1. Is it true that G65 is assigned to a loop (DSSP other than H, G, I, E, B), away from the ligand (no atom under 16 Å from the Cβ) and either closer than 22 Å to Q141 by Cα or of a type in the set (D, E, K, R) (or both)?
2. Are any residues in segment 57-83 crowded, with 21+ Cβ neighbours inside 10 Å and under 18 Å from L114 (Cβ atoms), and if so, which ones?
3. Counting just the residues of segment 160-205 that are free of Cβ contacts under 8 Å to residues at least 60 places away in the same chain, on the phi > 0 side of the Ramachandran plot and not hydrophobic (A, V, I, L, M, F, W, C), which one comes out surrounded by the most Cβ atoms within 10 Å (Cβ to Cβ)?
4. If I filter segment 127-137 for residues that are away from the ligand (no atom under 14 Å from the Cβ) and either of a type in the set (K, R) or not in a loop (DSSP other than H, G, I, E, B) (or both), do I get at least one hit?
5. For segment 140-153, state whether one or more residues are outside any loop (DSSP other than H, G, I, E, B), hydroxyl-bearing (S, T, Y), away from the ligand (no atom under 11 Å from the Cβ) and out of contact with any helix residue (DSSP H, G or I) (no Cβ under 6 Å at 6 or more places or on another chain).
Amino acid sequence: MTGPRIRLYRPEDRAALFDVCVRTGLDGGDARGVYADEDLLPAVFLAPYLDLEPELAFVLDRGDGVAVGYLVGTADTPAFAGRLRREYLPRVAGRFPAPPDPPTTPSEEMLTVLHAPEGMVRPEVAGYPAHLHIDLLPGHQRGGHGRALMTAYLAALAERAVPGVHLVMPSANRLARVFYDRLGFHDLGVEHPSVTYLARAVDAG
Ligand SMILES: CC(C)(COP(=O)(O)OP(=O)(O)OC[C@H]1O[C@@H](n2cnc3c(N)ncnc32)[C@H](O)[C@@H]1OP(=O)(O)O)[C@@H](O)C(=O)NCCC(=O)NCCS
């Protein structure tokens, strides 16, 4: 087995990446058991990116072909939200239907996010059209792989002349905030009770 390396996503990584998403989906910790359908979290925060923008889906391969982490993203959030509405949602709405309004359970709250992709498009992020999600399995954190995934993603955005990138993170995930601060992200100051919007220029730092 060779050492860990960053590579592009392959369809055979899908189940492993779904597992990474669930095991890191509760403010950076294990979300198993939180949602009625274990695939709901990946259906919101991972699968749309794998399906719609696989050329910006980077994985951490532990060295034997097994994916143990990922950074997924889009270069163009408004275009991505449109494709999510037109192409992705019709494919998954049978398994993940629109919830009642207002939602009352964690699963219904997550389904609300899934069915409102237009919520990604906000004036505060207009100068940072790309956005991303990054997660590594616990045994592969703090080894420089998050920084390496971000470097690969930023280089791909620079090639596409994308000026900036943002992300939305649970404010409770304080360790992730330390990571993003180290990587040059700043707080956009969006007022929200539970999430924080961060951003950085693509060519800065
Ligand atoms: C957050 C995460 C992606 C960071 O990736 P990582 O591989 O652990 O981070 P790296 O080892 O590349 O660290 C990069 C820098 O951030 C700092 N950093 C990362 N995690 C840190 C932590 N928990 N505490 C303090 N500093 C931290 C490192 O010290 C490093 O600084 P340096 O390179 O300037 O010395 C990863 O830990 C993870 O997947 N966590 C669980 C899921 C999660 O929270 N995802 C984010 C959801 S918003």
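Derivation of every value follows stated rules applied to the coordinates shown; laboratory data play no part. Here the structure is a predicted model, which means the values were calculated and not measured. For neighbour counting, all protein chains shown are included, and Cβ atoms are generated from backbone atoms with ideal geometry for every residue, glycine included.
1. Yes; evaluated as a whole, the condition is true for this residue.
2. Within segment 57-83, V72, G73, T74, T77, F80 qualify.
3. Ranking the candidates gives G184 first.
4. Residues of segment 127-137 that are away from the ligand (no atom under 14 Å from the Cβ), as a first pass: 127-130.
From what is left, the residues that are either of a type in the set (K, R) or not in a loop (DSSP other than H, G, I, E, B) (or both) are 130.
Yes: segment 127-137 contains one or more residues that are away from the ligand (no atom under 14 Å from the Cβ) and either of a type in the set (K, R) or not in a loop (DSSP other than H, G, I, E, B) (or both).
5. Checked against the condition, which is being outside any loop (DSSP other than H, G, I, E, B), hydroxyl-bearing (S, T, Y), away from the ligand (no atom under 11 Å from the Cβ) and out of contact with any helix residue (DSSP H, G or I) (no Cβ under 6 Å at 6 or more places or on another chain), segment 140-153 yields at least one hit.
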